[in-house]
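What follows is a set of notes on a single structure, which appears directly below.
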Amino acid sequence: MPVTPATTGDVLRLIREHGVDTRADLARLTGLSRPTVASRVADLIGRGLVVERADGPSTGGRPPARLRFHASGGAVLVANLGQSRGQLAVCDLAGTIVARADGPPADVSPDTTLPNLLDLWCGLLKDSGVPVGSVRGVGLGVPDAVEHVAGRWDAVEIGPRVRERFGVPAYLDNEVNAAALGEHGAHPGVDDLLFVKISTGIGAAIIAGGAIQRGALGAAGEIGHVPVPSDVERPCRCGNVNCVEAIAGGAALLARSTAADLPALAALARSGDPATVALLRDAGRRIGEVVATAVNLLNPAVVVLGGDLVGADEPLIAGLREIVYQRATALATRSLRIEPARLGEAAGLTGCAAMVLGKILSPTAIDTAPR
């Protein structure tokens, strides 16, 4: 953990990520002189990122001052927009959700959705009592592949519109990647994780070596468009036929069910309706065919399943597990865990916050930020 030479950003990382809480320990780990450490800490306190409290154990004199990352020293605005519904939230600088509300789905153009979203964030800030001036960044998860580096959603640049309203940077990623980042944080010690979202559509996100893998153009994880065998030719929204999403995605399952929507389909499964249980178990098997290949290729430690059709719908998970453990290699499945998402619906929001905080609180961002 020693960091030399240490900048102000490095000092913040030691305090925020590693829990270093005294000036003496900072000096020891960084090799900086005590006056330099004091200067770095004073800078971080002045920015509202660190607080100091005399709450250490006393040895007879004044208790030693302890440094703490100041999670309440700012806020980030996040939204995770799925094909059928969306959520938005205000989070503190630790990524904890402070206030949360339903948001617009991403089924209309960004030119329409984004202004609505900006207004909803302003209302959520007001209702939660968080000052607009405390906002330090914005994170947005949207369906399908996005131009992550360029910050474009369907050719619409997100950053300028966010900066005009809030004066802060904005970051954009695929909504499944965002959920994977959230789940990664909920699985400490796991560096290789495959997140699969099963909802209206089917998508996946890959975390390898502790980092999200987006691919050359941001299209990594599109397992919903891997074809699987089918007795009936089923067209997919991507233009191909017999993609696993077209056969086992939520929209496809609703077309073969009496349920009006995915929550109703889930309710039928929970009630033990035989036709729905069989439908979901078969869907799990079909998805499992694709996931088994991914397990062989990526060798994740955990496959995390999220989305509207995961949770109480054990038949789908059971069907998926059956095929993965049957068809993936013995070594790849020897210690593999396949489990529902730990954060549930909050995964995407938490992941969006992690995406933003990883940018705005990085040593480079701290060291180059205007004073």
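In the chain, helices alone account for a calculated mean residue ellipticity at 222 nm of -12500 deg cm²/dmol, with every DSSP H run of four or more residues adding -39,500 (n - 2.57). Between residue 66 and residue 342, the distance separating the two model label sites (each 7 Å from Cα on the Cα→Cβ line) works out to 2.4 nm.
By how many degrees, 0 to 90 and rounded to 10, does the Cα axis of helix 8-18 deviate from the longest principal axis of the chain? Approximately 60 degrees, to the nearest ten.
With R₀ set to 25 Å, the beta-carbon distance separating residue 251 from residue 112 gives a calculated FRET efficiency near 0.65.
Distances between placed amide hydrogens fall under 5 Å for residue 307 paired with 198, all partners being 5 or more residues away or on another chain. Label zone (residue 261, point 7 Å along Cα-to-C-beta; backbone nitrogen cut-off 19 Å) within segment 195-213: 198-202. So, R0 is 22 Å and r is the distance between the beta-carbons of residue 237 and residue 301; what FRET efficiency does that work out to, to 0.05? Once the sixth-power term is evaluated, E becomes 0.10. Rolling a 1.4 angstrom probe over the protein heavy atoms, how many square angstrom per residue are accessible across segment 226-272? Heavy-atom SASA per residue in segment 226-272 reads 54 Å². Given +1 at the Cβ of Lys and Arg, -1 at the Cβ of Asp and Glu and no other charges, the dipole of the chain around its Cα centre is 1260 debye to the nearest 20.
The phi torsions of segment 201-215, fed into the Karplus equation with coefficients 6.51, -1.76 and 1.60 and a -60° offset, translate into couplings of x, 10, x, 9, 9, 10, 10, 10, x, x, 10, 5, 10, 9, x Hz, rounded to whole numbers, with Gly and Pro shown as x.
Shown in residue order for segment 323-337 are the 3J(HN,Hα) couplings computed by the Karplus curve 6.51 cos²θ - 1.76 cosθ + 1.60 at θ = phi - 60°: 6, 4, 5, 7, 10, 6, 5, 4, 5, 5, 9, 4, 10, 5, 10 Hz (x for Gly and Pro).
Remark: segment 106-187 carries a charge dipole of roughly 440 debye about the Cα centre, counting +1 on each Lys and Arg Cβ and -1 on each Asp and Glu Cβ. Taking the C-alpha atoms only, the angle from helix 110-128 to the longest principal axis of the chain is near 50 degrees.
Taking amide H positions as modeled 1.01 Å from N, with prolines and chain starts lacking one, the residues under 5 Å from residue 50 and 5 or more places away or on another chain are 45, 70. Per residue, the average separation of C-alpha pairs within less than 8 Å and at least 6 apart gives the chain a relative contact order of 16 percent. Placing pseudo-labels 7 Å out from each Cα toward the beta carbon at residue 163 and residue 334 gives an inter-label distance of 5.1 nm. Amide H contacts under 5 Å for residue 142: 81, 173, 174, 175, restricted to partners 5 or more places along the chain or on a different chain, H placed in the peptide plane at 1.01 Å from N. Could you give the angle, 0 to 90 degrees to the nearest 10, between helix 34-46's Cα long axis and the longest principal axis of the Cα atoms of the chain? Rounded to the nearest ten degrees, it is 60.
FRET efficiency for the residue 152 to residue 94 pair, using the beta carbon distance and R₀ = 25 Å, is estimated at 0.30.
Rounded, prolate or oblate: which fits segment 231-329, taking a ≥ b ≥ c as square roots of the Cα gyration tensor eigenvalues, rounded meaning a/c under 1.5, else prolate when a/b beats b/c? Since a/c reaches 1.5 but b/c is at least a/b, the shape of segment 231-329 is classed as oblate. Computing Rg/Rh (Cα atoms, Kirkwood Rh) for the structure here picks out one of (i) 1.05; (ii) 0.98; (iii) 1.03, namely (iii). Simple spin-label estimate for residue 191 and residue 54 gives 4.3 nm between the two label positions (7 Å along the Cα-to-Cβ direction from each Cα). Is the shape of segment 296-371 best called rounded, prolate or oblate, per the rule: a/c under 1.5 gives rounded, else a/b larger than b/c gives prolate, else oblate, with a ≥ b ≥ c the square roots of the Cα gyration tensor eigenvalues? Cα axes put segment 296-371 in the oblate bin.
Residue-wise HN-Hα couplings along segment 271-285, as the Karplus relation 6.51 cos²θ - 1.76 cosθ + 1.60 with θ = phi - 60° gives them from phi, are 6, x, 4, x, 5, 6, 4, 5, 4, 6, 5, 5, 4, x, 5 Hz; Gly and Pro carry x.
In whole percent, how big is the carbon plus sulfur part of the accessible area of the chain, probe 1.4 Å, protein atoms only? Mind dumping the intermediate values first?
Values: 8630 of 16550 Å².
Reported share for carbon and sulfur atoms: 52 percent.
The values are calculated or read from the model by the stated rules, or taken from the named source; none is laboratory data. Keep in mind it's a predicted model, so treat the numbers as computed, not measured. Backbone-built Cβ (ideal geometry, glycine too); neighbour counts: all protein chains shown. The area values use the complete protein model at the heavy-atom level, side chains included, leaving out ligands, DNA and RNA. Shrake-Rupley method; radii C 1.70, N 1.55, O 1.52, S 1.80 Å.
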